[in-house]
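**Q** Please see the structure below; I have some questions.
The values are calculated or read from the model by the stated rules, or taken from the named source; none is laboratory data. Only a predicted model underlies this, so the values are computations on that prediction, with no experimental measurement involved. Don't worry about glycine lacking a Cβ; one is built from the backbone with ideal geometry, like all the others, and counts go over all protein chains shown.
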Amino acid sequence: MSDHPGAADLPYLSSNFVALDVLARARGQNPAAVRRAIADRLLPRVPYVLEDGTELVAPDYFELADLAGNFEALPAWFAHAYEQAAARYPEAGTAAEQWDEYLTGIYAVCLRAVTPASIVAKGELMDTIARLTADPRPDDDEWRRELTAAVDALDALEKPFAAFDRERFGPVSRDRCVTAVRERFALDRPELATAA
């Protein structure tokens, strides 16, 4: 397996991500200072590095730091915003756990918008889908409506993913919780539903 996305991934990556240096300069940031902030665990790592060394980040890479006021204020801002978002869903995990996960850059791979609220929502939706599919009742209209709503909401929250993501992670959450669930329970075609 390659450590870098391949040529087949480039159209997807170029439409969903931007070079870190380009985005930093466009936002008035020094790329070297941004890399120091990443090393100091104030900003997330880049989710993709191309073979030529180009580091790619999501276009909203600096938005949380902007909301916080600066890089140094981001950890405390994130913790507060995450605790507020998780108040309605305590199973979402702690702010400290999610900060560590946020710093890996993984949320930029899967979420269309990386915010504490979207992180909590993804966890809640995946938990809901797991709960419902663990006790399938495909002939129950209420069960199907709840499952369909959770799958559709997760679909709207998540990016399509690159083929490279499937190489490095295996089946991604979209594969497991959206595509496979829709196929297994014929969510797009209820007349085909069977007790899977």
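**Q** Just a yes or no: is a residue in region 78-90 outside any loop (DSSP other than H, G, I, E, B), modelled with pLDDT under 95 and closer than 27 Å to Met126 by Cα?
**A** Yes, region 78-90 contains a residue that is outside any loop (DSSP other than H, G, I, E, B), modelled with pLDDT under 95 and closer than 27 Å to Met126 by Cα.
**Q** Going through region 20-49 one residue at a time, which ones are under 24 Å from Arg168 (Cα atoms), aliphatic (A, V, I, L, M) and surrounded by 17 or more Cβ atoms within 10 Å (Cβ to Cβ)?
**A** Leu20, Ile38, Leu43, Val46
**Q** Of the residues in region 102-152, how many are polar (S, T, N, Q), part of a loop (DSSP other than H, G, I, E, B) and in contact with a Lys or Arg (Cβ under 9 Å, 6 or more places away or on another chain)?
**A** So the count comes out to 1.
**Q** Still on this structure, I have one more. Within region 29-57, how many residues are assigned to a loop (DSSP other than H, G, I, E, B) and within 23 Å of Ala76 (Cα to Cα)?
**A** 10
**Q** Across region 153-185, what is the total count of residues that are in a helix (DSSP H, G or I), crowded, with 20+ Cβ neighbours inside 10 Å and acidic (Asp, Glu)?
**A** The number of residues fulfilling the criteria is 1.
**Q** While we're looking at this one, here's another question. Does region 113-129 contain at least one residue that is more than 21 Å from His80 (Cα to Cα) and either modelled with pLDDT under 95 or loosely packed, with under 14 Cβ neighbours inside 10 Å (or both)?
**A** Scanning region 113-129, I find no residue that is more than 21 Å from His80 (Cα to Cα) and either modelled with pLDDT under 95 or loosely packed, with under 14 Cβ neighbours inside 10 Å (or both), so the answer is no.
**Q** Looking at Ala73, Ala117, Ala96, can you tell me which residue is of a type outside the set (D, E, K, R) and farther than 30 Å from Phe164 by Cα?
**A** Unique residue meeting the criteria: Ala73.
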